[in-house]
Amino acid sequence: MALLLRREGYQCDVACTADEAIERLEGTPYDLLITDLRMPGNMDLELLRAAAAIGAALPIIVVTAYPTLPTAIEAVRCAVVDYLVKPFAFEDLLRAVRRALETRKAAHMLDSLRNVLGDGGTIAQIARRAAAPSNGHSADSLTPREREIVGALSSGQRVGAIAGRLGVSEHTVRNHLKAVYRKLDVHSQVELLSRWRTQPQRA
């Protein structure tokens with residue numbers, strides 16, 4: 001699972017036991033936790049409870065081959081954002097990951113709003129900022145892999161060369177580009193590259 005997610009451009013750490021996962025969560029800020037239910041040290045869902053206590057805004061995806069009503073109820077209590085039953089297609093997991101990260105992004109936005117209000121801002125000021133004109137859809141909505149592909153495309157690389165460098169098929173690269181077109185609301189490569197060059201790029 002981590003290997004496939006890394007191919008999509010996500011950075012992943014792997015823990016083999018609940019204790020190891022909890023130790024990592026306590027020492028490192030993460031954007032998402034994906035966990036199996038049946039793993040060493042997690043007989044009573046200790047990892048779910050610990051993760052919820054460590055980071056209330058941390059989205060959690062549960063995967064299991066042994067779904068039960070009690071574990072589903074506990075998952076809801078621990079704010080699990082998705083509950084996938086094995087076997088499942090990788091595309092199902094990928095959709096769940098993207099939804100979970102959007103949830104995380106929304107939580108950060110709420111925190112920012114609270115900070116503005118705490119510093120003396122008003123709802124009217126926030127509304128004016130939200131209504132300020134923007135340069136189309138933001139590249140912030142792209143995944144790391146999508147940004148990598150568009151960056152390579154903008155440097156003059158062809159789809160075949162990009163696919164070879166990333167170790168994926170041309171079909172996969174084109175599917176990523178379709179997602180980019182949709183997110184940035186563009187309809188051609190020329191329009192995409194023109195929009196990309198005007199977007200502020202993250203370091």
Next item on the list: Using amide H atoms built 1.01 Å from N in the peptide plane, name the residues 5+ places from Val63, or on other chains, whose amide H lies under 5 Å from its own.
Entry: Thr35, Asp36, Leu37, Leu84
Next item on the list: Using only the Cα atoms of the stretch 32-75, each taken as one equal point scatterer with no solvent, compute I(q) by the Debye sum, divide by I(0), and report log10 of the ratio at q = 0.16, 0.17, 0.31 Å⁻¹.
Entry: -0.38, -0.43, -1.34
Next item on the list: Report the net charge of residues surrounding Leu184, where surrounding means a beta-carbon distance below 9 angstrom and charges are Lys +1, Arg +1, Asp -1, Glu -1.
Entry: +1
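Just so you know, all these numbers are worked out from the coordinates, no wet-lab data involved. Just so you know, these numbers come straight off a predicted model, no measurement behind them. No Cβ is skipped: glycine too gets one built from the backbone with ideal geometry, and neighbour counts run over all protein chains shown.
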